[in-house]
Amino acid sequence: MEFPKELITFLRAVSSLAVLTGAGVSAESGLATFRDAQTGLWARFRPEELATPKAFARQPKLVWDWYAMRRAQALAAKPNPAHWALAEMERHVPDFTLITQNVDGLHQAAGSRNVVPLHGNIRRVRCAQCGFYPPSWPEDSEQVPRCSQCNGLLRPDVVWFGESLPSWALRRAIQASERAQAFLIVGTSALVQPAASLWKFCAQQGGTVIEVNLERTILSDKVDYGLYGPAGRVLPALVEAVWGVT
Ligand code: APR
């Protein structure tokens, strides 16, 4: 895969880089993206109908089961070459921040260290009432498991539509974006805010914005470089071209 020479030279000299990833980076690990149609039992629901506080209040077991299914998929999934390439990139850039919208934990599994999980972590569960994090919970119960501290319902530790992002995560994401000389957007349709606008903090300081995606998105006309193809192919090729690591 060929990359513009000036992009390779520029990235070699970059000391501060922020990356934003979306579901597309986990697609080659076999995890469906949000814009993929849901399958099987869940085909008749859209994520926007299930990933909300209202849906959980109205049908807690349905929402719990959807996340239990996705948690099992995430735990069974393995990082793919896109995750490995981002972990490798971090070893070559002194100030590297990986901001992710994904809740599958695959970046951490691939060895990425400075990860900002904007939308939470599907592998963790918390009490919807008192915020307690149980170390374990029954996965096969007929009812939604309850909190051992206050008997409130347990819920996935992810950000639902309409909920605010953890303020510490958003602050770290903005600060990293403001410092970055380059902002790499990988595998996101850039439809969900505020994640989809983080690149602007970098561009406003004169930084370079690079999109890696399977197809063009609403950001494609705004970025400095667009690299289109599967992230599992593009990212390893980019790391190899810039830092000579395969
Ligand atoms: N390599 C690169 N990009 C890919 C690949 C791949 N192998 N497969 C799919 N894509 C791209 C798609 O073209 C699409 O642009 O990844 C993007 C996935 O977009 P979405 O499914 O919208 O996922 P995402 O952008 O992460 O959604 C953002 O929306 O539903 C909420 O909170 C949820 O975090 C999620 C947020």
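The values are calculated or read from the model by the stated rules, or taken from the named source; none is laboratory data. Just so you know, these numbers come straight off a predicted model, no measurement behind them. Note that we place each Cβ from the backbone using ideal geometry, even for glycine, and neighbour counts take in every protein chain shown. Only protein heavy atoms, including side chains, enter the accessible area calculation; ligands, DNA and RNA are left aside. Shrake-Rupley method; radii C 1.70, N 1.55, O 1.52, S 1.80 Å.
The criterion of at least 1 residues that are modelled with pLDDT of 95 or more, surrounded by 16 or more Cβ atoms within 10 Å (Cβ to Cβ) and under 18 Å from the mean Cα position of the chain (by Cα) is met, among strands (runs of 3 or more DSSP E) falling completely within segment 147-246, by 154-158, 182-186, 208-213.
Any residue at all in segment 134-145 that's within 20 Å of Asp65 (Cβ to Cβ), of a type in the set (D, E, K, R) and at pLDDT 95 or above? No, there is no match, as no residue in segment 134-145 is within 20 Å of Asp65 (Cβ to Cβ), of a type in the set (D, E, K, R) and at pLDDT 95 or above.
Residues checked against (1) closer than 25 Å to Gly229 by Cα; (2) over 14 Å from the mean Cα position of the chain (by Cα); (3) open to solvent by 10 Å² or more (accessible area, probe 1.4 Å):
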| site | (1), (2), (3) |
| --- | --- |
| Gly24 | yes, no, yes |
| Thr33 | yes, no, yes |
| Leu41 | no, yes, yes |
| Glu49 | no, yes, yes |
| Ala77 | yes, yes, yes |
| Thr97 | yes, no, no |
| Ala109 | yes, no, yes |
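Taken over segment 100-133, residues that are assigned to a loop (DSSP other than H, G, I, E, B) and either at pLDDT below 95 or not aromatic (Phe, Trp, Tyr) (or both) amount to 16.
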